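Trainee: Pasting in a structure now, in structure tokens, and then I'll have a few things to ask.
The values are calculated or read from the model by the stated rules, or taken from the named source; none is laboratory data. Predicted model, so just to flag it, every value in this text is computed and none were measured. Positions of Cβ are generated from backbone atoms using ideal geometry, with glycine treated the same way; all protein chains shown enter the neighbour counts. Side chains included, ligands, DNA and RNA excluded: accessible areas come from the protein's heavy atoms. Shrake-Rupley method; radii C 1.70, N 1.55, O 1.52, S 1.80 Å.
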Amino acid sequence: MKMQNILAVCMIAVTVSFLGFVVENVWLALTKGYMDNRSMCFPFLLGYGLAIVLLFLIFGTPEQPCFFKREIPIKNRRAELLLYSAGVMPCICAGEVILGTFVEKVCHFHWWDYSSIPFHITRYTSIPTSMLFTAGITLFMDRFWGMLYEYYMGWSMERLRITVSVMGLLLIGDFVYSSIRMYRLQGMIRRWRIDTSGRWIYKKIHLCNTGQTHE
């Protein structure tokens, strides 16, 4: 890869880090009734960005599937999507278990817990959530990776260098600082929290889950 290609991929990682922050807070808003900073100072979760780049390096995209840059000759569209999803899902399960267990052993708290979800595998992953993540990632890699790549490749080298340098320092610095804080506090760092339990969609979901109806 040329430097410009690498910088464009880095910008995709930054974009996905922000999207990961949004996804987690939407999930919390719908299931727990609140949104928060996810233990970070800034609205980015670096793990999502790094994970999407790693998946790209391993599997490519659904349209051009590969395995560590070795092309997989599949021409059927449905087969491409199914094969890509089949490769991504085990990686998601393994990644969640490894990260969750690492935080538990080192920082002595549970960063997340899927124990209440059916078909969970340990407290850190489950079949339903992994399927949702897989569907979202497959859709993103199929429809938006190439679009974002072309967009960032249209930037000048100077703009890419400056933006990647600034955002890289910001995200890595935030990740390191917050990780150290979590290790010292042995828990999550809550800087802000927004209550969403009064929203109609949260009430609707939880009324359905408890089998209640409106009077």
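Trainee: Which residues, counting only those in the stretch 137-184, are under 22 Å from GLY100 (Cβ atoms) and open to solvent by less than 100 Å² (accessible area, probe 1.4 Å)?
Mentor: ILE137, LEU171, ILE172, ASP174, PHE175, VAL176, SER178, SER179, ILE180, ARG181, MET182
Trainee: Return yes when ALA8 is of a type in the set (Gly, Ala, Ser) and under 14 Å from the mean Cα position of the chain (by Cα) and no when it is not. Spell out the reasoning first.
Mentor: Details: of a type in the set (Gly, Ala, Ser): yes; under 14 Å from the mean Cα position of the chain (by Cα): no.
Answer is no for this residue.
Trainee: Among the numbered criteria (1) more than 18 Å from TYR48 (Cα to Cα); (2) open to solvent by less than 70 Å² (accessible area, probe 1.4 Å); (3) of a type in the set (Val, Ile, Thr), which single criterion is violated by ILE121?
Mentor: Evaluating ILE121 over (1) more than 18 Å from TYR48 (Cα to Cα); (2) open to solvent by less than 70 Å² (accessible area, probe 1.4 Å); (3) of a type in the set (Val, Ile, Thr) leaves (2) as the failure.
Trainee: May I ask you to say which residue of ASN5, ASN25 is open to solvent by less than 50 Å² (accessible area, probe 1.4 Å), in contact (Cβ under 8 Å) with a residue 40 or more places away in the chain, closer than 30 Å to ILE162 by Cβ and not hydrophobic (A, V, I, L, M, F, W, C)? Give the derivation first.
Mentor: On the way: ASN25 fails: in contact (Cβ under 8 Å) with a residue 40 or more places away in the chain.
That would be ASN5, the only listed residue that is open to solvent by less than 50 Å² (accessible area, probe 1.4 Å), in contact (Cβ under 8 Å) with a residue 40 or more places away in the chain, closer than 30 Å to ILE162 by Cβ and not hydrophobic (A, V, I, L, M, F, W, C).
Trainee: Given the residues THR196, THR138, THR163, which is the only one that is within 20 Å of the chain's Cα centre (by Cα) and of a type in the set (Val, Ile, Thr)? Reasoning before the result, please.
Mentor: Values: THR196 fails: within 20 Å of the chain's Cα centre (by Cα); THR163 fails: within 20 Å of the chain's Cα centre (by Cα).
The conditions single out THR138.
Trainee: Give me the pairs, please: first residue somewhere in the stretch 139-159 and closer than 13 Å to ILE12 by Cα, second residue anywhere and open to solvent by 60 Å² or more (accessible area, probe 1.4 Å) and part of a helix (DSSP H, G or I), beta-carbon distance under 9 Å, and either six or more positions apart or on two chains.
Mentor: Cβ pairs passing all conditions: PHE140/LEU19.
Trainee: From the set of residues in the stretch 60-93 that are of a type in the set (Gly, Ala, Ser), open to solvent by less than 50 Å² (accessible area, probe 1.4 Å) and within 21 Å of the chain's Cα centre (by Cα), which is farthest from ASP142 (Cα to Cα)?
Mentor: Residues of the stretch 60-93 that are of a type in the set (Gly, Ala, Ser), as a first pass: 60, 79, 85-87.
Remaining after also requiring open to solvent by less than 50 Å² (accessible area, probe 1.4 Å): 60, 79, 85, 87.
From what's left, within 21 Å of the chain's Cα centre (by Cα): 60, 85, 87.
Details: GLY60: 10, SER85: 11, GLY87: 14 Å.
Out of the qualifying residues, it is GLY87.
Trainee: Can you tell me which residue in the stretch 97-118 is most open to solvent (accessible area, probe 1.4 Å), limited to those that are without any contact (Cβ under 8 Å) to a residue 12 or more places away in the chain and over 19 Å from GLY47 (Cα atoms)?
Mentor: SER116
Trainee: Next question. Checking THR61 against (1) closer than 30 Å to ARG193 by Cα; (2) in contact with a helix residue (DSSP H, G or I) (Cβ under 6 Å, 6 or more places away or on another chain); (3) touching a residue at least 60 places away in the same chain (Cβ under 8 Å), which test does it fail?
Mentor: Tallying (1) closer than 30 Å to ARG193 by Cα; (2) in contact with a helix residue (DSSP H, G or I) (Cβ under 6 Å, 6 or more places away or on another chain); (3) touching a residue at least 60 places away in the same chain (Cβ under 8 Å), THR61 fails exactly one: (1).
Trainee: Going by the conditions given, is PHE144 at pLDDT 95 or above and either under 22 Å from ASN25 (Cβ atoms) or of a type in the set (Lys, Arg) (or both)?
Mentor: Values: at pLDDT 95 or above: yes; either under 22 Å from ASN25 (Cβ atoms) or of a type in the set (Lys, Arg) (or both): yes.
In short, yes.
Trainee: Something else now. Of a type in the set (D, E, K, R), under 30 Å from LYS204 (Cβ atoms), open to solvent by 20 Å² or more (accessible area, probe 1.4 Å) and part of a helix (DSSP H, G or I) - does that describe any residue in the stretch 30-48?
Mentor: No - not one qualifying residue is present in the stretch 30-48.
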